[in-house]
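Only one structure is covered here, and it is reproduced in the block below.
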Amino acid sequence: MALRNYVGILIDPDLMQKQQVAYMLEQQAALNPRISKPTFHVSLSLAPGEKPDAMELLAIADRYMDGMGYGGQPYAVYQHFDTDHTHVHVVSIRVNEKGDKVPDKFERERSNKLRQQIEKEFNLVEAEKVALKKSLPHLKPVHYGQGDLKQAITNVVLTVLNDFRFSSFAQYNQLLNLYNVQAVEVPLEGKKPGMVYTVAKEQEREGIAFKSSSLRQQPTRETVERRIKAGKKAKQDAAPRMRRLIEERLTDGGSWVEFQQKLHRMNILILPHQGKDGNLFGISFIDAKQKMIYSGSELSKDLSAGSLKNRFSDRFVVLPKEDIKPKAERVIQPKIEHKTPAEEPVPDSDTSLIRRLLYAAVYMDDQQESEQELKKMTRKLKPRL
């Protein structure tokens, strides 16, 4: 798709042979032979069905490379078509033109933070919510101006009411918010509060709020209260097992990321509640298999947000998305016209043989090789630079 900072290259990137692309990277890597793994390789992926144009893809790739400190490095951007989701590979070098190593400390953490910034800058769906939906009921997020709004809200509300067990109105809204729906109490003079449903996070926009009694099956506040009562009983019976599973992973030690990895392998999803400053003030655990949501304090004082912050660190660290990819492929429903990273871009530092990597990048479609096979192949090779 593009070559960046290839000084002196006058021909179109499409006409460059892989050997020519690799040559400049190899020459620059040779400026510091002490760096045993000089290649920087990253895959930037979007959700299935997203089809951004080339300029948008390149803008995202350039923003990522600049944010990681590689904006002035020579790098090549390739697009693959071997999977059902749009993705690009970016290959660069860890040695700058002076022979110094590009700083790579805390690379994974920096990549994750940068990914969150890029989501906001390019108006992308938050990857955390995409990841949660992979293991939860298959529903489209609701937005004003996209299809039958009342029907879309009804589908979300009835799915949450019928499929999930929750024990508070706040937890009910936490589940609805996963699909961009909000339940709002409305004071009524001399009567119990009524309830309307609207689109979450878009309430400041002019739109319609639907009375709960006007929706199919009438999911009113009274209905929700009955579900809360039933949820408390069901959760009370299931809580000991959930508590044991989580606490066993907690005693293993590790970081925020490792803790989440262990839980996600058991289909237990962490739903953080963070302020605008990113501070973690609450935490919920969703048993995606049993369709139950728990606050941390419901399970144990050791699983409250405060206790977990003290154990790991003050600031919650989001789990890299490739580490919670479900075993079976699931369909993600992204926002229309919003480009959605299905996985967090994490640098691959194990690919150090540039020519073989670029060969795979260029010809993978013809050979029908998967990305996993590419990584497996390159990890086996010894660096020659």
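The values are calculated or read from the model by the stated rules, or taken from the named source; none is laboratory data. In this text the structure is predicted, and so the values were computed from the model without any measurement. Counting neighbours? That spans all protein chains shown, and the Cβs are built from the backbone with ideal geometry, glycine included. Protein only, heavy atoms only, side chains kept; ligands, DNA and RNA dropped before computing areas. Shrake-Rupley method; radii C 1.70, N 1.55, O 1.52, S 1.80 Å.
Residue-by-condition table, conditions (1) open to solvent by 10 Å² or more (accessible area, probe 1.4 Å); (2) hydrophobic (A, V, I, L, M, F, W, C); (3) in contact with a strand residue (DSSP E or B) (Cβ under 7 Å, 6 or more places away or on another chain); (4) over 23 Å from ILE9 (Cα atoms):
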{"site": "ALA30", "(1), (2), (3), (4)": "yes, yes, no, no"}
{"site": "ILE35", "(1), (2), (3), (4)": "yes, yes, yes, yes"}
{"site": "THR39", "(1), (2), (3), (4)": "no, no, yes, no"}
{"site": "SER43", "(1), (2), (3), (4)": "yes, no, yes, yes"}
{"site": "MET55", "(1), (2), (3), (4)": "yes, yes, no, no"}
{"site": "ASP66", "(1), (2), (3), (4)": "yes, no, no, no"}
{"site": "GLY69", "(1), (2), (3), (4)": "yes, no, no, no"}
{"site": "GLY72", "(1), (2), (3), (4)": "yes, no, no, no"}
{"site": "VAL77", "(1), (2), (3), (4)": "no, yes, yes, no"}
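Selection of the range 95-115 for residues being over 30 Å from SER313 (Cα atoms) and surrounded by 15 or more Cβ atoms within 10 Å (Cβ to Cβ) yields VAL95, ASN96. Checking each residue in the range 173-209 for being surrounded by 16 or more Cβ atoms within 10 Å (Cβ to Cβ), among the hydrophobic types (A, V, I, L, M, F, W, C) and either assigned to a strand (DSSP E or B) or at pLDDT 90 or above (or both) picks out LEU175, LEU176, VAL181, ALA183, MET195, VAL196, VAL199. Close contacts from the range 1-14, counting a first residue that is within 9 Å of VAL77 (Cβ to Cβ) and among the basic types (Lys, Arg) and a second that is open to solvent by less than 60 Å² (accessible area, probe 1.4 Å) and not in a loop (DSSP other than H, G, I, E, B), with Cβ to Cβ under 8 Å and a gap of 6+ residues or different chains, come to ARG4/ASP62; ARG4/MET65; ARG4/TYR75; ARG4/ALA76; ARG4/VAL77.
Hey, any hits in the range 86-106 for a residue that's closer than 19 Å to ALA2 by Cβ, of a type in the set (S, T, N, Q) and within 23 Å of the chain's Cα centre (by Cα)? Yes: one or more hits. With respect to (1) among the small types (Gly, Ala, Ser); (2) surrounded by fewer than 18 Cβ atoms within 10 Å (Cβ to Cβ); (3) at pLDDT 90 or above, the lone exception for ALA2 is condition (2). Of everything in the range 240-265 that is surrounded by fewer than 16 Cβ atoms within 10 Å (Cβ to Cβ) and more than 24 Å from the chain's Cα centre (by Cα), the residue that is nearest to ARG108 (Cα to Cα) is ASP252. For the range 278-308, a residue qualifies if it is in contact (Cβ under 8 Å) with a residue 24 or more places away in the chain, surrounded by fewer than 20 Cβ atoms within 10 Å (Cβ to Cβ) and assigned to a strand (DSSP E or B), and exactly one does: PHE281. Annotation note: Cβ proximity below 9 Å between a residue of the range 98-120 that is under 24 Å from GLN28 (Cα atoms) and a residue that is at pLDDT 85 or above and aromatic (Phe, Trp, Tyr) (sequence gap 6+ or interchain) occurs for VAL102/PHE40; VAL102/TYR70; ASP104/PHE40; SER111/TYR64.
Determine, yes or no, whether GLY71 is assigned to a loop (DSSP other than H, G, I, E, B) and touching an Asp or Glu at 6+ places or on another chain (Cβ under 9 Å).
So GLY71 passes the test.
Within the range 252-268, the residues that satisfy the criterion of being in a loop (DSSP other than H, G, I, E, B) and under 21 Å from MET292 (Cβ atoms) are ARG265, MET266, ASN267. Being farther than 20 Å from MET1 by Cβ, assigned to a loop (DSSP other than H, G, I, E, B) and touching a residue at least 24 places away in the same chain (Cβ under 8 Å) is the requirement here; does PRO52 meet it? So PRO52 fails the test.
Among the residues of the range 154-169, those that are crowded, with 19+ Cβ neighbours inside 10 Å, in contact (Cβ under 8 Å) with a residue 24 or more places away in the chain and part of a helix (DSSP H, G or I) comprise THR154, VAL156, VAL157.
Could you say whether any residue in the range 24-34 is within 26 Å of GLU109 (Cα to Cα) and part of a loop (DSSP other than H, G, I, E, B)?
Taking the range 24-34 as the starting set, the residues that turn out to be within 26 Å of GLU109 (Cα to Cα) are 25, 29, 32, 34.
The next check asks that each one be part of a loop (DSSP other than H, G, I, E, B); those that pass are 32, 34.
So far as the range 24-34 goes, yes, one or more of its residues are within 26 Å of GLU109 (Cα to Cα) and part of a loop (DSSP other than H, G, I, E, B).
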